[in-house]
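S.K.: Have a look at this one before I ask anything.
The values are calculated or read from the model by the stated rules, or taken from the named source; none is laboratory data. Nothing here was measured: the structure is a model prediction, and the numbers come from that model. Here the Cβ is made from the backbone with ideal geometry for all residues, glycine too, and neighbour counts use every protein chain on show. To get the accessible areas, we keep the full protein, side chains included, count just its heavy atoms, and leave off ligands, DNA and RNA. Shrake-Rupley method; radii C 1.70, N 1.55, O 1.52, S 1.80 Å.
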Amino acid sequence: PKDNMRSRVLLGMSFQAFQQLCGINAIMFYAPDILNTFFTENQAIAGTFGLNAINFLSTFITIATIDKFGRVKLLLSGGLIMLVALIMNAIFASLGQTKAIGWCVLVFAALFIVGFAFSWGPVVWVVCSEMFPYRTRGKSTGLTTMTNWMFTCIVGGVFPAASRASLSGCFGFFAAMIAVGIVVVYFFQVETADRTIIQIDKAYAAHKPQLKRKVW
């Protein structure tokens, strides 16, 4: 169809899937267990509190930049920060369980959360509220939200056993997922900032994935 509704719904669902498959809730839910691998129990709880504070404060970056720079730039830049942080944590988590390694994991976990909190955290919800026309918005956003909760349950349920098997492997998987998410945004997501519903419809109808895309 001309307005590409099927592909738009699948695109929105993929955004919500990658938002969870990048591991944010695995890290936030189980941060005490992850950090307890390297630190004492009290230190792990203090580190978890710090990560939650960083998550809260970094969200204000979105408030200041989302309309100035647009959705696509934030998703790509935040995704790249998350990717680098996850790759580094996959490397560090494979090296051992010393306190020095724990500090490295904590620092890059904080960097990952900063990247998520100004991009894939809030911006995905903004995009999914804008990308559908009024006539289908209720059902479409319902499907995207369902996808988010489905993958939240899957990641939250699987991560404890998976992390015991290989914490490094978990970070590597999360890195692979956000890498795919970055590619999907780059090739398929149109900019929806400062556009009317009709303009967004036309943008999706006219959009063709290109290897060389002007983003910045």
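S.K.: Report, by residue number, each residue of segment 177-187 that is within 20 Å of Phe29 (Cα to Cα) and either free of Cβ contacts under 8 Å to residues at least 40 places away in the same chain or open to solvent by less than 30 Å² (accessible area, probe 1.4 Å) (or both).
M.R.: Ile178 - this is the single residue of segment 177-187 that is within 20 Å of Phe29 (Cα to Cα) and either free of Cβ contacts under 8 Å to residues at least 40 places away in the same chain or open to solvent by less than 30 Å² (accessible area, probe 1.4 Å) (or both).
S.K.: Need a quick list: helices (runs of 4 or more DSSP H) entirely within segment 63-163 having at least 2 residues that are under 17 Å from Gln189 (Cβ atoms) and open to solvent by less than 10 Å² (accessible area, probe 1.4 Å). Reasoning before the result, please.
M.R.: Values: elements: 71-93, 99-117, 122-130.
Those helices (runs of 4 or more DSSP H) span 71-93, 122-130.
S.K.: Only one of these conditions is not met by Phe39: (1) assigned to a loop (DSSP other than H, G, I, E, B); (2) of a type outside the set (Asp, Glu); (3) within 14 Å of Gly115 (Cα to Cα). Which number is it?
M.R.: Just one mismatch for Phe39, condition (3).
S.K.: Going by the conditions given, is Lys68 farther than 19 Å from Ala31 by Cβ and basic (Lys, Arg)?
M.R.: yes
S.K.: For segment 20-38, name all the residues that are over 16 Å from the mean Cα position of the chain (by Cα) and open to solvent by less than 20 Å² (accessible area, probe 1.4 Å).
M.R.: Ala31, Ile34, Leu35, Phe38 - these are the residues of segment 20-38 that are over 16 Å from the mean Cα position of the chain (by Cα) and open to solvent by less than 20 Å² (accessible area, probe 1.4 Å).
S.K.: Now for a separate question. On the given criteria, is Tyr204 in contact (Cβ under 8 Å) with a residue 60 or more places away in the chain and either open to solvent by 40 Å² or more (accessible area, probe 1.4 Å) or of a type in the set (Val, Ile, Thr) (or both)? Before you say what the answer is, go through the steps one by one.
M.R.: Numbers: in contact (Cβ under 8 Å) with a residue 60 or more places away in the chain: yes; either open to solvent by 40 Å² or more (accessible area, probe 1.4 Å) or of a type in the set (Val, Ile, Thr) (or both): no.
No: the conditions fail for Tyr204.
S.K.: Now for a separate question. Considering only segment 181-216, state which residues are closer than 24 Å to Ala85 by Cβ and out of contact with any helix residue (DSSP H, G or I) (no Cβ under 7 Å at 6 or more places or on another chain).
M.R.: Val183, Phe187, listed by residue number.
S.K.: Here's something else I'd like to know. Going by the conditions given, is Phe173 within 18 Å of the chain's Cα centre (by Cα) and buried (at least 17 other Cβ atoms within 10 Å of the Cβ)?
M.R.: In short, yes.
S.K.: Moving to a separate point now. For segment 39-55, name all the residues that are open to solvent by less than 50 Å² (accessible area, probe 1.4 Å) and within 18 Å of Gly96 (Cα to Cα).
M.R.: The first filter runs over segment 39-55 and keeps only residues open to solvent by less than 50 Å² (accessible area, probe 1.4 Å), leaving 39, 44, 47-48, 50-51, 53, 55.
Phe39, Ala44, listed by residue number.
S.K.: Among the residues of segment 161-177, are any closer than 21 Å to Arg71 by Cβ and not aromatic (Phe, Trp, Tyr)?
M.R.: The first filter runs over segment 161-177 and keeps only residues closer than 21 Å to Arg71 by Cβ, leaving 177.
Retained after the next criterion (residues that are not aromatic (Phe, Trp, Tyr)): 177.
Yes, the conditions are met somewhere in segment 161-177.
S.K.: Within segment 120-136, does at least one residue satisfy the condition of being among the charged types (D, E, K, R) and in contact (Cβ under 8 Å) with a residue 12 or more places away in the chain?
M.R.: Looking for residues that are among the charged types (D, E, K, R) and in contact (Cβ under 8 Å) with a residue 12 or more places away in the chain, one finds at least one in segment 120-136, hence yes.
S.K.: While we're looking at this one, here's another question. Check Ala161, Ala165, Ala193 and return the single one that is within 21 Å of Gln19 (Cβ to Cβ) and of a type in the set (Gly, Ala, Ser).
M.R.: Ala193
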